[in-house]
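What follows is a single structure, written as structure tokens, with notes after it.
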Amino acid sequence: MRERGWGRCIQISSRNAIAAYAEFGPYGAAKAAINNLTLSLSKALAGTGGTSNGIMPGLVYTPLVDHWFEVLAKQQGSGDPAVGRDPRSGTSCARRSAGSASQKTSPSRVA
């Protein structure tokens, strides 16, 4: 990138990098390392035409989080886990739980 005077480096992180959960310690540590790498690389590339940026998406549905959505849906009075998965529904657990970084909800806490 330095030789060309242009380049883009994009890393995918997670909000788990800044919100600690007992169940996801190693994952959160790895994503925190990605954040550090992103910032360090951006400083190293300053003035060269290259950039380093990170994307930190919120909660994304995958089959691995089915149980979590089931627990959150039950808390909202529904036995249907789709209530928690569908961000278009007004009672979406996904929307609620993917909120601010200060909001710390985990499956062990809600179970």
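One table, with the values for the structure above:
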{"item": "Within the stretch 6-29, tally of residues that are of a type in the set (Gly, Ala, Ser), exposed (fewer than 15 other Cβ atoms within 10 Å of the Cβ) and in a helix (DSSP H, G or I)", "result": "3"}
{"item": "Residue identified as of a type in the set (A, V, I, L, M) and at pLDDT 80 or above among LEU59, LEU72, LEU64", "result": "LEU64"}
{"item": "Residue satisfying condition, being out of contact with any Ser or Thr (no Cβ under 6 Å at 6 or more places or on another chain) and within 30 Å of GLU3 (Cα to Cα), within set GLY58, GLY49", "result": "GLY49"}
{"item": "Filter result for ALA32 (of a type in the set (Gly, Ala, Ser) and surrounded by 16 or more Cβ atoms within 10 Å (Cβ to Cβ))", "result": "yes"}
{"item": "For SER89: the one exception among (1) touching a strand residue (DSSP E or B) at 6+ places or on another chain (Cβ under 6 Å); (2) modelled with pLDDT under 90; (3) of a type in the set (Gly, Ala, Ser)", "result": "(1)"}
{"item": "Of all residues making up the stretch 11-51, the number that are hydrophobic (A, V, I, L, M, F, W, C), in contact with a helix residue (DSSP H, G or I) (Cβ under 9 Å, 6 or more places away or on another chain) and modelled with pLDDT of 90 or more", "result": "8"}
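The values are calculated or read from the model by the stated rules, or taken from the named source; none is laboratory data. Just so it is clear, the model here is predicted, and its values are computed rather than measured. Positions of Cβ are backbone-derived with ideal geometry, glycine not excepted, and every protein chain shown enters the neighbour counts.
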